[in-house]
1. Looking at this structure, is Gln14 over 21 Å from Ser106 (Cβ atoms), polar (S, T, N, Q) and not in a loop (DSSP other than H, G, I, E, B)?
2. Can you tell me how many residues in the stretch 70-102 are part of a loop (DSSP other than H, G, I, E, B), within 23 Å of Ser10 (Cα to Cα) and within 16 Å of the ligand (Cβ to nearest atom)?
3. If a residue has to be farther than 18 Å from Met154 by Cα and surrounded by 14 or more Cβ atoms within 10 Å (Cβ to Cβ) to count, how many in the stretch 49-74 make the cut?
4. I'm told Leu49 meets every condition in (1) more than 16 Å from the ligand (Cβ to nearest atom); (2) under 30 Å from Leu210 (Cα atoms); (3) touching a Phe, Trp or Tyr at 6+ places or on another chain (Cβ under 8 Å); (4) not in a helix (DSSP H, G or I) except one. Can you identify the failing condition by its number?
5. Taking the condition of being among the polar types (S, T, N, Q), over 14 Å from Gly184 (Cα atoms) and crowded, with 16+ Cβ neighbours inside 10 Å, how many residues in the stretch 19-43 meet it?
6. Would you check which residues across the stretch 103-131 are within 15 Å of Ala187 (Cβ to Cβ), away from the ligand (no atom under 16 Å from the Cβ) and crowded, with 19+ Cβ neighbours inside 10 Å and list them?
7. What residue, of Glu209, Glu162, Glu181, Glu169, is of a type in the set (D, E, K, R) and within 15 Å of the ligand (Cβ to nearest atom)?
8. Given the conditions (1) within 16 Å of the ligand (Cβ to nearest atom); (2) surrounded by fewer than 13 Cβ atoms within 10 Å (Cβ to Cβ), which single one is not true for Met154?
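The values are calculated or read from the model by the stated rules, or taken from the named source; none is laboratory data. Computed from a predicted structure; not experimentally measured. Please note: Cβ atoms are built from the backbone with ideal geometry, for glycine as well, and neighbour counts cover all protein chains shown.
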Amino acid sequence: MNAANATAISGHQQLANQLIEAIRQLAARGWTPATSSNFSGRIDAGHALITASGGDKGRLTPDDFLVVDMDGQVIGSQRRSSAETLLHTQLYRRFPEIGCVLHTHSHNQTVASRLYARSGALMLGGYELLKAFSGHATHEDSVELPVLPNTQDMPLLAARVEALMVSAEDDHLPVPGYLIEGHGLYAWGRDIDEAMRHLEAIEFLIGCELDLRRLGA
Ligand SMILES: [Zn+2]
């Protein structure tokens, strides 16, 4: 571990280790291909711990994490954070209750993001697993998972996410996540466990919808 980064993340080893274990599970499922994807956990009101750009997500160590402020600037290290850091910090800035943001590039997420890009959303209804999302008490609910156009312009993408939040009831999306076309999924929760539950539920529901399409249902 380089000395500067060691100092920056010291005190956050436990959070780093919890994230490493969760990310290892996601990598083992093939949801982080070719060093893609990024993950973060909130440290406090003004800081988050986030994976550095690149690297095999199945073999992370605490040295692969950076401390960033809520503008996405790296603190205490010369290393670069992912260009997508802004999409994590905008969620922490806006929602004090969010404690973890997970971004993956699974096959299902990528295929669905292309298939439903034109309609701008994937409708999810009639699934018992909708109960995995807070505030949804029954399978009779029908909710939209938004699909945003992809761009390398992160401030523009962040502005599109902000517009989604503003248009949502109570500023909260009914599903704690969104797809980006041809790219992947962002999902979040109060802590790592809740964010994992949300991510797994969204991935499962997307897989069901894709199978129904394949079967012509
Ligand atoms: Zn990505």
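1. Yes, satisfied.
2. Total satisfying the criteria: 3.
3. Total meeting the criteria: 11.
4. Of (1) more than 16 Å from the ligand (Cβ to nearest atom); (2) under 30 Å from Leu210 (Cα atoms); (3) touching a Phe, Trp or Tyr at 6+ places or on another chain (Cβ under 8 Å); (4) not in a helix (DSSP H, G or I), only one is false for Leu49: (2).
5. 1
6. Leu122, Leu124, Leu130
7. Glu181
8. (2)
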